[in-house]
1. Which number in (1) over 24 Å from D193 (Cβ atoms); (2) in contact with a Pro (Cβ under 9 Å, 6 or more places away or on another chain); (3) not in a loop (DSSP other than H, G, I, E, B) marks the one condition that C236 misses?
2. Within the stretch 63-74, count every residue that is surrounded by fewer than 13 Cβ atoms within 10 Å (Cβ to Cβ) and over 14 Å from A7 (Cα atoms).
3. Across the stretch 73-95, what is the number of residues that are at pLDDT 75 or above and under 23 Å from the mean Cα position of the chain (by Cα)?
4. Looking at L259, L310, which one is of a type in the set (A, V, I, L, M), touching a strand residue (DSSP E or B) at 6+ places or on another chain (Cβ under 7 Å) and modelled with pLDDT of 95 or more?
5. Which residue, of S175, S167, is under 18 Å from the mean Cα position of the chain (by Cα) and either within 29 Å of E301 (Cα to Cα) or crowded, with 18+ Cβ neighbours inside 10 Å (or both)?
6. Go through (1) at pLDDT below 95; (2) assigned to a helix (DSSP H, G or I) for P265 and report which single condition fails.
7. Look through the stretch 212-227, keep the residues that are outside any helix (DSSP H, G or I) and farther than 17 Å from G239 by Cα, and return whichever of them is modelled with the lowest pLDDT.
8. Taking the condition of being out of contact with any helix residue (DSSP H, G or I) (no Cβ under 6 Å at 6 or more places or on another chain) and among the aliphatic types (A, V, I, L, M), how many residues in the stretch 199-222 meet it?
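The values are calculated or read from the model by the stated rules, or taken from the named source; none is laboratory data. Please read these numbers as outputs of a predicted model, since none were measured by experiment. Reconstructed Cβ throughout: ideal geometry from the backbone, glycine too, with neighbour counts over all protein chains shown.
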Amino acid sequence: MTLAKNASLKQLATFRTVARLGSVSLAAEELHLSQSAVSIQIGSLETAAGTPLIERTGRGVRVTEAGQMLLGYADRLLALWHQTSDEMASLLGDFTGTLRVGAVTTAEHWLPRLLVRFINQNPKVSVRLFVCNRDDIVRHLAAQDVDLAVMGRPPVEIQVDACAVGSNPLAFVASPAHPLAAQGPLSLAQVADVPLLVRERGSGTRTAVERVFKSQGLRLRIGSELSSNEAIKQMCVAGFAPAYLSMLTCPLELDAGLLRVLPLPDNPTVSQWHVVRVSGQPVPQVALAFEDFLRRTGADEILAPIRHHLQSAGRRGRAKSAA
């Protein structure tokens, strides 16, 4: 109870800065305080806690075991306090705050464009964007590191609220120089005969391509497994192997004729992008506003750079059906 009664948010913020920088002098410089003022605040916090929180070393300071525990709570308390401040400002008509959003790696090819539009409309909003594969995004959601996540399939590992915000066309693509690209209508079995460039396990695209082959009773042959859409795209352009990618990752390559959508039935297949948040958790107004923005604009804006390629693929598919 002594800590709760006697510690202040200012002391916690000072302690967190010292812990992050590993130095009282550097913390004093960042906080525009004297070193003695920083030391007094840390000393008062240690007195309230009843135990040392940092130990001085030859190179600065080291956080003690008790300090590490307090640091975790301090991060959460200060984040909640900043969120409270933002929500109060929004309530009073000054829409502001930090938008904490996570995105699977494929979404980084379109999400920043929409974030810029949202920020231009709301110039007092700042953004913290986490980009990683699907499994890591689910962990960020569970840990409440992000308020919203943009991904394909909503997770089943945690209880979430999800809404679809736009389409994600996934396609088998190849360099025009690859033998498959020069052939007529293909079957999935023919594609299964060659090694493919695929994303790593844990990514949504990898899960999707595995489902495609499994649904046809075919084995997925992996030529190379990479954790980067860009690396897969460049190897595919170079003619190494076909790839399974979201068309949103390669509009320029499709425009330039460096990549071609393979003439397969139902290629591309279209899945949905979802914006996801943890059920039952309070959501900042800025996050709710961005969710609404994606609902209103996503269907049109996400596909804008590749819409003509989708229309071309649709015409090819209809011609094959008629033949």
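1. C236 satisfies all of (1) over 24 Å from D193 (Cβ atoms); (2) in contact with a Pro (Cβ under 9 Å, 6 or more places away or on another chain); (3) not in a loop (DSSP other than H, G, I, E, B) except (1).
2. Initial filter on the stretch 63-74 (surrounded by fewer than 13 Cβ atoms within 10 Å (Cβ to Cβ)): 65, 68, 72-73.
If we keep only those that are over 14 Å from A7 (Cα atoms) as well, we get 65, 68, 72.
Of the residues in the stretch 63-74, 3 are surrounded by fewer than 13 Cβ atoms within 10 Å (Cβ to Cβ) and over 14 Å from A7 (Cα atoms).
3. If we filter the stretch 73-95 for residues that are at pLDDT 75 or above, which is where we start, we get 73-77.
Next cut, under 23 Å from the mean Cα position of the chain (by Cα) only: 75-76.
Adding up the residues that qualify gives 2.
4. Details: L310 fails: modelled with pLDDT of 95 or more.
From the options L259, L310, the qualifying one is L259.
5. Values: S175 fails: under 18 Å from the mean Cα position of the chain (by Cα).
Step by step, each of S175, S167 is checked, and only S167 is under 18 Å from the mean Cα position of the chain (by Cα) and either within 29 Å of E301 (Cα to Cα) or crowded, with 18+ Cβ neighbours inside 10 Å (or both).
6. Result: P265 passes all but (2).
7. First pass over the stretch 212-227, keeping only residues outside any helix (DSSP H, G or I): 216-227.
This time we only want the ones that are farther than 17 Å from G239 by Cα, so: 216-220, 227.
On the way: Q216: 92, G217: 94, L218: 94, R219: 93, L220: 92, S227: 89.
Across the stretch 212-227, the extreme among qualifying residues is S227.
8. Selection size over the stretch 199-222: 4.
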